[in-house]
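The values are calculated or read from the model by the stated rules, or taken from the named source; none is laboratory data. Since the model is a prediction, treat every value here as computed from it, not as a measurement. Cβ sites come from the backbone with ideal geometry, for glycine too, and all protein chains shown count toward neighbours. To get the accessible areas, we keep the full protein, side chains included, count just its heavy atoms, and leave off ligands, DNA and RNA. Shrake-Rupley method; radii C 1.70, N 1.55, O 1.52, S 1.80 Å.
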Amino acid sequence: MSDDTRSNIRGNQMWGGRFASGPAAIMQAINASISFDRKLHAEDIRGSIAHSEMLAEKGILTKADQKKIAKGLKTILAEIEGGAFAFSEKLEDIHMNVEARLAELIGPTAGRLHTARSRNDQVAVDFRLWVKNECLRVAEALKGLIAVFLRRAEEHAATVMPGFTHMQAAQPVTFGHHCMAYVEMFSRDLSRVRDAIERMDESPLGAAALAGTGFPIDRHMTAKALGFREPTRNSLDSVSDRDFALEFLSLSAICGTHLSRLAEEIVIWSTPQFGFIRLSDSFSTGSSIMPQKKNPDAAELVRAKTGRINGHLVALLTVMKGLPLTYSKDMQEDKEAVFDAAETLDLMLAAMTGMVGDMTVDQVAMKRAAGAGFSTATDLADWLVRTLGMPFREAHHVTGRAVALAEEKKVGLEKLALADLQELHPGITQDVFSVLSVQNSVKSRVSYGGTAPSEVRKQIRAWKKRLAKL
């Protein structure tokens with residue numbers, strides 16, 4: 001390659017035949033994306049190799065040229081992964097950086113690689129590949145988190161704790177049942193990830209700039225080579241679509257919300273006022289001034305990082321909302337949002353899996369709290385309905401009077417004398433005390449999906465089988 005040719009490429013005149021001079025410094029700075037889209041290098045090279053193989057198969061490119069191109073691209077991949085590749089902002093993006101280096105390695109043959117494609121479909125396929133692979137990573141991380149919750153649920157299927165509504169003690173539940181609630185939440189997150197993969201599993205490569213190409217390409221061949229189910233069916237949509245990125249951000253935001261709710265509970269449970277759990281030193285920090293402090297910083301940061309992911313979703317929705325078909329440079333703003341959200345979600349999932357896996361549960365503190373706040377009041381009302389045939393609204397009224405009496409006497413419902421209860425309703429018998437303990441309360445909740453230890457263990461067994469197939 002001549003010095004003039006190299007200078008021309010390095011100045012990024014690949015699109016510059018129409019332009020008499022290079023871009024101004026400010027234009028170059030705002031236009032360049034290599035600082036972040038270099039993350040797509042493996043996908044870009046993989047897509048280019050598949051494209052070259054298809055061109056050779058269709059006779060658009062000679063076999064000899066294809067071998068030179070593939071060898072050069074593999075050399076570039078090794079250089080990038082080995083830290084020896086010199087990225088240039090003047091070359092704008094990962095595609096031009098790779099193509100320029102390929103030209104240095106194999107000469108003018110490199111220019112044949114871009115036959116029958118555009119940077120529009122090239123970036124679309126690169127980005128889809130990257131997001132699809134990230135979804136697969138998130139799916140595995142979610143399976144790991146679900147497995148940890150199943151283990152903790154099994155350990156604590158009969159560990160009594162208070163259940164809350166409005167952050168007030170409501171009814172006794174088991175910690176195992178509480179853990180299984182998060183199994184359900186994160187399993188839906190996993191389902192959303194799998195659904196997203198199914199929808200994005202189409203290759204836009206071959207759509208070219210926006211209208212397809214007149215070359216006799218085989219888009220099914222490149223789709224298969226890149227691990228996609230099939231090629232996209234409309235060239236306009238192929239290069240202008242970013243809903244796969246939006247969907248990834250959306251499922252990340254929903255998953256982040258679940259993680260944040262869990263983080264909030266961990267923060268609350270680890271306070272001395274609750275004392276339900278103790279976090280290990282691995283997921284806690286101390287105070288610079290108060291030596292007694294053990295702060296749940298990992299949980300607090302998980303809670304905070306959810307806002308970061310939510311912001312990325314809103315940002316990309318805002319970018320895309322006013323764009324006509326097809327490609328606009330605005331879409332360059334999609335990658336940083338997705339890259340950062342993916343990195344953030346990966347970290348949040350790893351941190352939460354670690355925290356839940358090694359936190360210590362204080363069963364005594366949980367049981368003590370489970371009996372506070374007259375949490376078995378609903379059990380008393382249910383007993384009045386079942387045993388005395390009382391309408392529930394009347395039972396609710398009688399129970400309310402019992403709670404008021406217990407509050408006045410500063411005792412729990414189970415400590416009221418039978419005579420006191422019979423003053424409220426003469427039909428109440430000694431048998432009522434069988435439902436007023438928290439242990440008996442949770443054992444009685446045997447409806448499907450209820451908190452009874454027997455039901456919790458059924459759900460755990462079912463989920464273990466289901467998880468093994470996911």
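Figure legend. Inter-residue proximity from segment 129-143: first residues without any contact (Cβ under 8 Å) to a residue 60 or more places away in the chain and more than 16 Å from residue 188 (Cα to Cα), second residues surrounded by 20 or more Cβ atoms within 10 Å (Cβ to Cβ) and among the small types (Gly, Ala, Ser), beta-carbon distance below 8 Å, spacing 6+ or different chains. No pairs are indicated. Suppose the filter is closer than 28 Å to residue 251 by Cα, touching a residue at least 24 places away in the same chain (Cβ under 8 Å), open to solvent by 10 Å² or more (accessible area, probe 1.4 Å) and of a type in the set (Gly, Ala, Ser); does residue 187 pass it? Judged against the criteria, residue 187 is a match.
Scanning segment 73-94 for residues that are part of a helix (DSSP H, G or I), at pLDDT below 95 and open to solvent by less than 60 Å² (accessible area, probe 1.4 Å) gives a single hit, 91. Looking only at segment 359-381, residues that are touching a residue at least 60 places away in the same chain (Cβ under 8 Å), open to solvent by less than 90 Å² (accessible area, probe 1.4 Å) and assigned to a helix (DSSP H, G or I) come to 6 in all.
A single member of 205, 249 is of a type in the set (A, V, I, L, M), in contact (Cβ under 8 Å) with a residue 40 or more places away in the chain, open to solvent by less than 20 Å² (accessible area, probe 1.4 Å) and more than 30 Å from residue 59 (Cα to Cα), and it is 249. Scanning segment 311-328 for residues that are open to solvent by 60 Å² or more (accessible area, probe 1.4 Å) and either touching a strand residue (DSSP E or B) at 6+ places or on another chain (Cβ under 9 Å) or in contact (Cβ under 8 Å) with a residue 40 or more places away in the chain (or both) yields 317, 325, 327. Among the candidates 336, 300, 343, the residue that is open to solvent by 40 Å² or more (accessible area, probe 1.4 Å), in contact (Cβ under 8 Å) with a residue 12 or more places away in the chain and out of contact with any Phe, Trp or Tyr (no Cβ under 9 Å at 6 or more places or on another chain) is uniquely 300. Only residues that are open to solvent by 60 Å² or more (accessible area, probe 1.4 Å) and under 17 Å from residue 426 (Cα atoms) were counted across segment 393-415, and they come to 4. In this structure, does residue 213 turn out to be closer than 22 Å to residue 46 by Cα, among the polar types (S, T, N, Q) and buried (at least 17 other Cβ atoms within 10 Å of the Cβ)? Yes, satisfied. Pairing residues of segment 436-452 that are under 17 Å from residue 406 (Cβ atoms) with residues that are open to solvent by 40 Å² or more (accessible area, probe 1.4 Å) and of a type in the set (Asp, Glu), at Cβ distances under 6 Å and at least 6 apart in sequence or on separate chains, gives 436/414; 437/414.
Of the residues in segment 166-179, at least one is in contact (Cβ under 8 Å) with a residue 40 or more places away in the chain, buried (at least 23 other Cβ atoms within 10 Å of the Cβ), of a type in the set (A, V, I, L, M, F, W, C) and in contact with a strand residue (DSSP E or B) (Cβ under 7 Å, 6 or more places away or on another chain).
Scanning segment 18-52 for residues that are over 28 Å from residue 83 (Cβ atoms) and either outside any loop (DSSP other than H, G, I, E, B) or at pLDDT 95 or above (or both), we see that the one that is most open to solvent (accessible area, probe 1.4 Å) is 18. If the condition is being outside any helix (DSSP H, G or I) and either among the hydroxyl-bearing types (Ser, Thr, Tyr) or crowded, with 20+ Cβ neighbours inside 10 Å (or both), then segment 104-135 contributes 113, 115, 116, 117, 118.
The set of residues from segment 50-93 being of a type outside the set (Ser, Thr, Tyr), in contact (Cβ under 8 Å) with a residue 60 or more places away in the chain and closer than 17 Å to residue 122 by Cα comprises 50, 51, 53, 54, 55, 91, 92, 93.
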